[in-house]
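To keep things clear, I will list the structure first and then write my remarks on it.
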């Protein structure tokens, strides 16, 4: 037992500290060639570190980027950060290097299963590997545009300067790979190399019940991908979405919060909270006026989970937001963020169930799938309830009697609720805003007077101009440039 625990810690540590050179993804080269460890590594040793580290990173990026960018929180220490739509050239560098490191580790799962004897093949590891790769690749291409995919993480094949695939190629591969993963999942078997269970759905050698949930995660991600490119003619996304949603036996998707990809972490090593000190979560930042007023307009119980109350001059307590995009810091006492959101035990959102219901609501509202307004209303209400209950709040009995919260057959109403449902879910609020234009965000004087615009993408890391110049230049030419306002194929 002592040896196994030591080995677990070694693998975890090596996974965290693996070296990465742009997209050559060599973090496991040493591990793969070390004869003292080669016989001990298996696909199961990689799964939990991938789940934990990617989810923690995404939580941190929401906290440091998406939160402010999407006018949910407001910094009180700066007037030129991302909350004012001001971007530094290196804003996306960490996303690039971190994601490719973990994509490489997910690919390593498949490499290891490929080395197993035929009688010992484990298709569930291949299916999970493809699912996780697609999850990360979609976020990467939505954040940058053209990216390396077909040649990425191929240092063992001698490819140190991978070509960039176009957005169309990346999306097509994501859609195809998720379909393949769906077919690979074997619900009759668990995960033989995860005897104590993997972190997301607790699937183990002796318990295969989590495999169906993995399959639902896979197909729910495919819904997300197809919706993102629904107006790009090359993908025939509407027909693919109809096929999936009319055949749940073949393409099961999330049906409850119990299915959702919400990674539960305990707060004890090696599942520590993203922030060591919860007080750092609330330093020099207030909840925004826009976000507070949105939730107050719905009489939404999530507000008490997201923010703290302040004492008003008449000694009553209330939630007060700070105007975002200010030019001069307003002299008001505004609500802070609730530290409880940063304390473990907690759940880190990879993909919430509510998102699936809002996808359905949008498709029904647009007539992409049959059912009409009544079915769209039902999906909308299910999405709202799921999002509220995901945060441990009770669904108010008369919530939808409020005209501000009731379904009104508009895309804006669906997207406003989806916006809140994607709270602390990597960059998804940003992506969906750039796809639909909703919610309508305030443009404060500090933003307007600086003539800043909502960024469409990150710039490529400057290191690529040293390590992969030829392919970087080709991608830049194909994209029409490398700045924050280059429109991606699925954006408005």
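The values are calculated or read from the model by the stated rules, or taken from the named source; none is laboratory data. Every value quoted in this text rests on a predicted model; they were computed, and no experiment measured them. Cβ atoms come from the backbone with ideal geometry, glycine included; neighbour counts cover every protein chain shown.
Comparison of 444, 437 shows that the only residue that is out of contact with any strand residue (DSSP E or B) (no Cβ under 8 Å at 6 or more places or on another chain), surrounded by 15 or more Cβ atoms within 10 Å (Cβ to Cβ) and under 28 Å from residue 353 (Cβ atoms) is 437. Tell me, yes or no, whether the stretch 163-178 has at least one residue that is part of a loop (DSSP other than H, G, I, E, B), out of contact with any strand residue (DSSP E or B) (no Cβ under 7 Å at 6 or more places or on another chain) and farther than 22 Å from residue 491 by Cβ. Within the stretch 163-178, one or more residues are part of a loop (DSSP other than H, G, I, E, B), out of contact with any strand residue (DSSP E or B) (no Cβ under 7 Å at 6 or more places or on another chain) and farther than 22 Å from residue 491 by Cβ. Restricting attention to the stretch 142-172 and to residues that are under 18 Å from the mean Cα position of the chain (by Cα) and within 30 Å of residue 191 (Cα to Cα), the residue that is surrounded by the fewest Cβ atoms within 10 Å (Cβ to Cβ) turns out to be 170.
None of 263, 221 is touching a helix residue (DSSP H, G or I) at 6+ places or on another chain (Cβ under 8 Å) and either more than 22 Å from residue 384 (Cβ to Cβ) or surrounded by fewer than 22 Cβ atoms within 10 Å (Cβ to Cβ) (or both) except 263. Within the stretch 74-107, restricting attention to residues that are under 23 Å from residue 323 (Cα atoms) and under 20 Å from the mean Cα position of the chain (by Cα), which residue is surrounded by the most Cβ atoms within 10 Å (Cβ to Cβ)? Of everything passing the filter in the stretch 74-107, 83 is surrounded by the most Cβ atoms within 10 Å (Cβ to Cβ). Restricting the stretch 297-307 to residues that are in a helix (DSSP H, G or I) and in contact with a strand residue (DSSP E or B) (Cβ under 9 Å, 6 or more places away or on another chain), the residue that is surrounded by the most Cβ atoms within 10 Å (Cβ to Cβ) is 306. Considering only residues that are free of Cβ contacts under 8 Å to residues at least 60 places away in the same chain and either closer than 17 Å to residue 403 by Cα or not in a helix (DSSP H, G or I) (or both), which ones fall in the stretch 368-381? Within the stretch 368-381, 370, 371, 373, 374, 376, 377, 378, 380, 381 qualify.
The set of residues in the stretch 465-481 being closer than 17 Å to residue 90 by Cβ and part of a helix (DSSP H, G or I) consists of 465, 466, 467, 472, 476. Every residue in the stretch 96-151 that is farther than 16 Å from residue 57 by Cβ and in contact with a strand residue (DSSP E or B) (Cβ under 6 Å, 6 or more places away or on another chain), please. Those that are farther than 16 Å from residue 57 by Cβ and in contact with a strand residue (DSSP E or B) (Cβ under 6 Å, 6 or more places away or on another chain): 141, 149, 150.
Among the criteria (1) surrounded by 22 or more Cβ atoms within 10 Å (Cβ to Cβ); (2) farther than 25 Å from residue 217 by Cβ, the one residue 358 does not fulfil is (2). Checked against (1) modelled with pLDDT under 50; (2) within 22 Å of the chain's Cα centre (by Cα); (3) surrounded by fewer than 22 Cβ atoms within 10 Å (Cβ to Cβ), residue 15 passes all but condition (3).
Within the stretch 71-95, being outside any loop (DSSP other than H, G, I, E, B), closer than 30 Å to residue 154 by Cβ and in contact with a helix residue (DSSP H, G or I) (Cβ under 7 Å, 6 or more places away or on another chain) holds for one residue alone: 95.
The one condition from (1) assigned to a loop (DSSP other than H, G, I, E, B); (2) touching a helix residue (DSSP H, G or I) at 6+ places or on another chain (Cβ under 9 Å) that residue 279 does not meet is (1). Looking only at the stretch 108-122, residues that are surrounded by 15 or more Cβ atoms within 10 Å (Cβ to Cβ) and over 21 Å from residue 156 (Cα atoms) come to 1 in all. Within the stretch 412-429, restricting attention to residues that are touching a helix residue (DSSP H, G or I) at 6+ places or on another chain (Cβ under 6 Å) and not in a loop (DSSP other than H, G, I, E, B), the residue that is surrounded by the fewest Cβ atoms within 10 Å (Cβ to Cβ) is 415.
Does residue 215 qualify as being crowded, with 16+ Cβ neighbours inside 10 Å and in contact (Cβ under 8 Å) with a residue 24 or more places away in the chain? Spelling it out, residue 215 is indeed crowded, with 16+ Cβ neighbours inside 10 Å and in contact (Cβ under 8 Å) with a residue 24 or more places away in the chain.
Of all residues in the stretch 327-357, those being assigned to a helix (DSSP H, G or I) and either under 16 Å from the mean Cα position of the chain (by Cα) or under 28 Å from residue 267 (Cα atoms) (or both) number 8.
If you go through the stretch 392-408 and pick out every residue that is touching a residue at least 12 places away in the same chain (Cβ under 8 Å), loosely packed, with under 14 Cβ neighbours inside 10 Å and under 28 Å from residue 437 (Cβ atoms), you end up with 2.
Filtering 144, 164, 185 for residues that are touching a residue at least 12 places away in the same chain (Cβ under 8 Å) and over 27 Å from residue 94 (Cβ atoms) leaves a single hit, 185.
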